[in-house]
Every structure is written in C-alpha cells, then in structure tokens.
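The values are calculated or read from the model by the stated rules, or taken from the named source; none is laboratory data. What you are looking at is a predicted structure, and each value in this text was computed from that prediction instead of being measured. So basically every Cβ, Gly included, is an ideal-geometry build from the backbone, and we count neighbours across all protein chains shown. Accessible surface areas use protein heavy atoms only, side chains included; no ligands, DNA or RNA. Shrake-Rupley method; radii C 1.70, N 1.55, O 1.52, S 1.80 Å.
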Amino acid sequence: MNVKVASQLRCYHCGDTITTAQFKQEEKSFCCFGCQTVYQILKENDLCEYYSFDSSPGINNSSTFDVHYDYLDEPTVQSKLLQFNSPNFARVQFAVPAIHCVSCIWLLENLNRIDEGVLLSKVNFGKRTVTIDYNPERIALSKIANRLTSLGYKPVINLQAKQDQHLLTHDKNLILKIAIAGFCFGNIMLFSFPEYFGLGSDEGFLRDTFSYLNILLAIPVLFYSASDYFTAARRAVLQKQINIDVPIAIGLIALFTRSLYDIGFHVGPGYLDSLVGLVFFLLLGRWFQSKTYASLSFDRDYTSYFPLAILTFRDQKWTSVLLSDLQPGDTIRIRNQEIIPADSILESEFALINYSFVTGESTETAVRKGENIFAGGKLIGKPATFIVHKSTSQSHLTSLWNNDIFQKADEQTYQRTIDRTARIFTWIILFIAAASAAYWFVADSSKMWLVLTSVLIIACPCALALSAPFTYGSMLRVFGKYGLYLKNADVVERLSSISTVVFDKTGTLTSGVSDVSFSGELSEEEKHGIALLTAASIHPLSVLISKSISTEASGAIENFEEFVGEGVEGIVNGCFYKIGSAQFVGAIEIQTTALPRVYVSINNEMKGYYSLNTSLRKGVGEMLDRMKNINLSLVSGDGAADKKRLTNLFPKNAELKFNQSVHDKLNHIKGLQQDSAKVMMVGDGLNDSGALKQSDVGLVVTDDTGVFTPASDGIIHGKSISNLDKFIELGKSATFILKLSFIISFIYNSVGLSFAVTGHLTPLVAAILMPLSSISVVAFATASVNYVAYQKRMLL
C-alpha cells in the first residue's frame, strides 16, 4: 500500500475530495483505508461492475470499522429481529439509510456473490431497506451486518423504532423548512415595499439596502428549505436519469442567479420574492399532499379485509375467530393444509410444517412440542394446537403473498409504462422551457426568467404517476369492503381484461347442506372416529360430515394423511379409517342419485356411505345469468352425478367437465389461454392450485377456513361469490377512470403550459397550482371509484 500527498484528487470509490493522505492501488486513488478495502472486496469477488453504473458511487467508509455486531448472534436478539428462522434458512430486514442510487441497489442485491451464505437479497429503494435470506449454518447474522458496514451500508438495527423516529423527524424537518421559508417570504415582501410602491431615486440607498437584505433572507431558503429538490435532482443526474425535481432545481437556480445579477449591477430588484414564495408554496403543497394522500390512502388496514378465520379455544369451546382478533396467549387449532397465521409455540407433541409460503421451497420441517413456529408455515398432516406467541399483522402475511416467487410474469406492466411516460414527459418539459426562454430572450428579455421558471414549475408528471396507484388502490378498498381481497393493485388491471371464467364446483359454487344421511351401520365409537378424521380435513365435504355428527371431535389421530381429490385416512383408537371416493376406499360405486357420496371403510371393511344434499350458494344462478358477455366453463374433480342440475344452471355454450384431475384443470386453463383468452379461475384452493397459478387471475373461495394458496391472486368470501360479475365490472370501471385521470392530467398540463409559455403565469402562481393538480387528479380518481361503488351498493 502506497501513501502519497493528495493534490485535489477525488476518491475512486466515494468521490470525496482527498484532503490529507492518498491511498493508492492499481493507479486508483482512495480517500481512506475503508474505501480502499471496499474496492479490494469488490475486485476479489469480480464485482467491479459496481463502478460502471455511476462514477464514484460508493459511501465514505472512513468511520465504519469500529462497529461490532456480535450481539446479533444472541438467540434473544434474533428472536426479535428475524422475520423467519430455521436451521438452514433465515430472513432479516435491515434499514440502510445510505442507499442512494442504482449502484447501491446492484451491489446490495449481489451480496450472494460476496458471501456464499447469503441466498438472496432484495432492496426496497423507497423505504431504504434490504431484505436478506441467508443460511445460518454458513454465515452468521453478525457477519452479514459487518459485511454491510464494511461496504459502506451500515444497517439500522432497531428497525421499528428507527422507522417511527425517521418518520417523525421527517415531518419535523419539513415543518421547519416551511416555517423558515414562510418567515423569509414575509420579510422579503416587507423589504420589497419600496419597489411595490414605486419609490423614487431619492430612496435608492434604502432600496439597495433592502435588496441586499433580501439576498441574505433568500440564502437559507435556497440552501436549506429547498435542499431536498437539489439533492433529488443531483441524484437523478448522477444516475443519468431525470425526475420532476430536476426542472424545479433548474428554475430555482435560474431565479436566484438572475436576481443576484440584477441587484449586483443595479439592473433591477430581482425575483427573490418570487423565488422564496415559490419554495414556500412548493413545500406547503408537499405537506398538504402528504396529508391528503394519508387521508385517501389505499394502503389497506388488512385487519378489515383479510377474510381468514382461525379455530380458537375461547369460552370453553372452539370457535372461528378473525385473524385480526387473535391475541398472544390464544390457543388455536390448525388443520391439514392451513396456514399458521402468527408466530406460535407448538402445544401438540409433534407437527410437520411446510414453509414454502415463506421460503418458496416445498420442504417439510419436523417440529416438537414447545418449539417456535413462524407465521406463514403450513401444517401438513393431522391437526395440531398452538399457542399464539406474537400477534402478526395481516400485512406481514400479504407481504409473503406478494413474494417474487409467487408473482406472475405480466405484473406491474402498467406501472412500468407510466414511469417511462413520466420520464419522457419531463424531457419534453425541459425542451419546451429552453425553447420558450430562447423566444423570450429575443422578444422581451425581461420576461425570459419568469417564463422559464413558470414552465418548469407548472408542468408536473406527478398527477400522471399518481393516477394509477390511487385509482386501483381505491378500488382495492371497495373490493375489500364487499368481501373480495386482492393481493395487490396489479390484479385490478388484469381483472378488467377477463374474457373467460372457469369455476370449480364443490366449495366454490356449492356450499351448505340441507341433509346428510348415512347408508349403513355405525357405532358411536366409529362415528367419533369419522368426526375426528373429517374435522382434520378442510375439504368442504369433510367439513359438512364433521358438522353433521353431534359427538365432540376430540382425541388423537395417528398416521393421518390426506390425498388431494380422493380422501383422508388415519388410525383412531387402533382402527384404520379411510373416508373418501369409492375408488379411494375400494368400494363399487353405484350412483342412483345426483347427490355426492362419501364412502367409509374401517379396517378395510366397507361400512357404507354418506349422501350429501349440497346446495348452491345463494345468488349463484343469477350471477351466471348476468355474465352473458363472458365465456363460462366448469372443471370439477367430482363425478357427473350433478351434471343435470349444473347444465341447467350454466348457459348452453358453457363447457362442463367432470372427473378432472389437478393436471386436467391446469391443461384446461392453458388451452383457453392458447386461444388468446384472458382467464379467471375460481376454486377452493385445495386441488386446483396449479390452475389458479396458471390463470391470469386466480381467486380462492373461503368461508371459515385459513386455507388459500399463495399462487392465487385473491380471496373471495363465499357469501360474495354471487357478486363476481359486479367485481369484474368494477375492475373495468377502474380502468376507465384511470384513462379519464390521464386525460385530466394532459388537459391541465396543456392549459398550464400555454399560459406559462405566453408569459401569463408567474412562478408563484405556478407553485400553487402544481400540487393542486396532483391533488385534484387523486381526488377525482378516489371520488369516481367511490361513486361507481355507491351506484352498485344496492346490488353488492
């Protein structure tokens, strides 16, 4: 390592000026040992591509090597910090305030190339967080934190507290900036009275004094109150990108520079009152926007809409409790294939947990009594009881649901298009501003700076960018109110383009029972065994049988196993039970009625069968009648005994298929999509997960169970299935409202630009109108969605 005296060089890693000693390696200069070390790490791991995204993109590392994170390896600390923990997979999220550009994102999302124990890392640029999946057997959490620190991305550990403090500090800073800008604006106007009242040359000294005082008052406004605009514009330019802050920053610099020239050379009073007033109203508009958006926020309170209920032991009995009502200490019973909704402790002796919902890998983990279970695990096998250890927000389950693993290829296409349009729009505005300035320089140079600034300020792509999230987000709120829960706003767009709807039958179109009868002889002990086994399953027919047996379903099940679309088996009190289809049980099926039958064998001896008179969900027939412009089909794993009733229910051109396996349903969806159809699949999520994932929109119907597949796009309550056509219509209405919002935004910018270009708009008025344009578009989108929903409220 060579150390030389620096001569106005900049650090190759962070770009800071080298003022003391120069650390040199491979003809590259660094300001400190920390920055040189980061370069060495990147070079050793073939990650020097980091420097190709931006010149000197790194963070100064001169003070990051005295931090120790050994305490992160303590189990008590990890229990509070980790989102998930197992012997070979763990997940942690760190707040990293130093994230500032595309180079940061690229480097942090390539941590696995530096440390093999890191499996995956994802950056949320907006929240300045990085989520890291890692293997605890190969890398310690303390080492990950040290690695981040050594790279210049020191993590904030106490995440929740820091986030809350950060939001509070942000609000205080904004209010302080507004206060300073407002104070200076008022005083500059006061000092500008000689100009406002046209005082003569005798007061020239007083006028000059006031002008210099105005400069002093404008400096803190420009360099403090308006600092966010310059910081954002600088980052955009360094990343070779463009955003709305760039023209604002240019306009502010133009006004200040011109004012200094006018006052310094006694050409005129300058435009400092317009400059400071512009910053004041921009900041006031930003504050007002944040309050308005908060009141209109579509970032849903999931406790109101997530339609999952959990069996909870309260008041000496098991009852279904909404996920939002679970409390630490509650005892819950989870059945086969149900999601564990909160961090819990296993109360049963043994359980198998599948964490594919969390990790994306379908592997089963054996858990013993007293061990901790993380939210999002799925129980495999016989039912088990758990004690809720820590309540989990439903937003956490939804974030798991929105994992990239479960995303569909065409998600967020509309948002990418809007973002690209907004960037192009900003370049167009810069061109118009330059052309206008050139024209007014020739026509009337006294107006050039005001016109330039007005054009840069009045035109705002913010309204364009906000239209889609607020339109679709507001519709999410409406859907949730009426029993349809979509995992994100992208699904609303796809919902509007649906041309074909495919239904499952049992648990989807049918629900409830008017009569359950058993043909055969059963003892009370055998009924108890059947009740116990069927209570362990979440299949709709199993639920109906379990409810029809009056005996309490309590006791132990051994070797429980559920076969998708076939039945369940297990040992109760030494007897081997098989309950399911005739083929599964080994019976000869003789179908004499349209009623579904569930066969029972005990110790391989046929005992008889249950006949279930299932009824259609209320309003399903009317709903199917209303869907005249949509192609309908049904794919059911059940036999064709109910074909006549369903044929009368569906339109004549509908395709009805029975005895369909999981793969048959999947292939049916693929076949429709090959014919250019946009397909919605509606099922119960038990034996149609492949079809749900393949479809453009997959909805799972739920009544009182905690079962849904992460491959689905939404959950619809059983009582709301009769309004499915209304939901599709509302999705189409949302897209129409979005287009109207775009038109309003275009008209606003066109009219505003015409006034600004012709010199009829001052920067001060432009600063007032700019936030109002965004607010008006957001208010229009929200109000329109609510109006459309109100128009249909008598039907929904």
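Data for the structure
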item: Count of segment 75-120 residues which are open to solvent by less than 40 Å² (accessible area, probe 1.4 Å), in contact (Cβ under 8 Å) with a residue 60 or more places away in the chain and aliphatic (A, V, I, L, M); result: 5
item: Residue that is farthest from residue 255 (Cα to Cα), among those in segment 745-784 that are among the β-branched types (Val, Ile, Thr) and open to solvent by less than 60 Å² (accessible area, probe 1.4 Å); result: 782
item: Residue 362 vs. criteria in a loop (DSSP other than H, G, I, E, B), more than 30 Å from residue 735 (Cα to Cα) and either open to solvent by 30 Å² or more (accessible area, probe 1.4 Å) or modelled with pLDDT of 65 or more (or both); result: yes
item: Top-ranked residue of segment 493-536 - restricted to ones that are basic (Lys, Arg) and at pLDDT 85 or above, ranked as nearest to the chain's Cα centre (by Cα); result: 494
item: Residues of segment 118-149 classified as at pLDDT below 90, part of a helix (DSSP H, G or I) and of a type in the set (Val, Ile, Thr), total; result: 1
item: Where a residue in segment 647-668 is farther than 20 Å from residue 696 by Cβ and in the same structural domain as residue 565 (by TED's automatic domain parsing) and its partner, wherever it lies, is surrounded by 14 or more Cβ atoms within 10 Å (Cβ to Cβ) and modelled with pLDDT of 90 or more, with Cβ under 6 Å and at least six apart; result: none
item: Qualifying positions in segment 242-273 - crowded, with 22+ Cβ neighbours inside 10 Å, hydroxyl-bearing (Ser, Thr, Tyr) and part of a helix (DSSP H, G or I); result: 259
item: Flag for residue 733 being surrounded by fewer than 19 Cβ atoms within 10 Å (Cβ to Cβ) and modelled with pLDDT of 85 or more; result: no
item: So residue 142, is it under 21 Å from the mean Cα position of the chain (by Cα) and of a type in the set (Gly, Ala, Ser); result: no
item: Those residues of segment 466-477 which are modelled with pLDDT of 80 or more and either in contact with a Cys (Cβ under 9 Å, 6 or more places away or on another chain) or open to solvent by 10 Å² or more (accessible area, probe 1.4 Å) (or both), in sequence order; result: 477
item: Top-ranked residue of segment 291-323 - restricted to ones that are touching an Asp or Glu at 6+ places or on another chain (Cβ under 9 Å) and open to solvent by 30 Å² or more (accessible area, probe 1.4 Å), ranked as modelled with the lowest pLDDT; result: 303
item: Scan of segment 556-577 for residues that are closer than 19 Å to residue 348 by Cα, β-branched (Val, Ile, Thr) and open to solvent by 30 Å² or more (accessible area, probe 1.4 Å), ordered by number; result: 571
item: Unmet criterion (only one of (1) at pLDDT below 80; (2) surrounded by fewer than 22 Cβ atoms within 10 Å (Cβ to Cβ)) for residue 333; result: (1)
item: Segment 647-699: number of residues that are out of contact with any Ser or Thr (no Cβ under 6 Å at 6 or more places or on another chain), charged (D, E, K, R), closer than 13 Å to residue 503 by Cβ and open to solvent by less than 30 Å² (accessible area, probe 1.4 Å); result: 2
item: Some residue of segment 618-628 being outside any helix (DSSP H, G or I), surrounded by fewer than 17 Cβ atoms within 10 Å (Cβ to Cβ) and over 42 Å from the mean Cα position of the chain (by Cα); result: no
item: Residue match in segment 545-555 (condition: among the β-branched types (Val, Ile, Thr), assigned to a helix (DSSP H, G or I) and open to solvent by less than 40 Å² (accessible area, probe 1.4 Å)); result: yes
item: Any hit, segment 702-722, residues being among the acidic types (Asp, Glu), modelled with pLDDT under 90, more than 23 Å from the chain's Cα centre (by Cα) and within 30 Å of residue 311 (Cβ to Cβ); result: yes
item: Residue check for residue 190: over 29 Å from residue 237 (Cβ atoms) and either basic (Lys, Arg) or modelled with pLDDT of 75 or more (or both); result: yes
item: From the options 502, 492, 516, residue that is aliphatic (A, V, I, L, M), surrounded by fewer than 23 Cβ atoms within 10 Å (Cβ to Cβ) and not in a loop (DSSP other than H, G, I, E, B); result: 516
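One line per residue, one yes/no per condition, for (1) within 23 Å of the chain's Cα centre (by Cα); (2) closer than 18 Å to residue 490 by Cα; (3) not charged (D, E, K, R):
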| site | (1), (2), (3) |
| --- | --- |
| 650 | no, no, yes |
| 655 | no, no, no |
| 658 | no, no, yes |
| 666 | no, no, yes |
| 670 | no, no, no |
| 673 | no, no, yes |
| 691 | no, no, yes |
| 695 | yes, yes, yes |
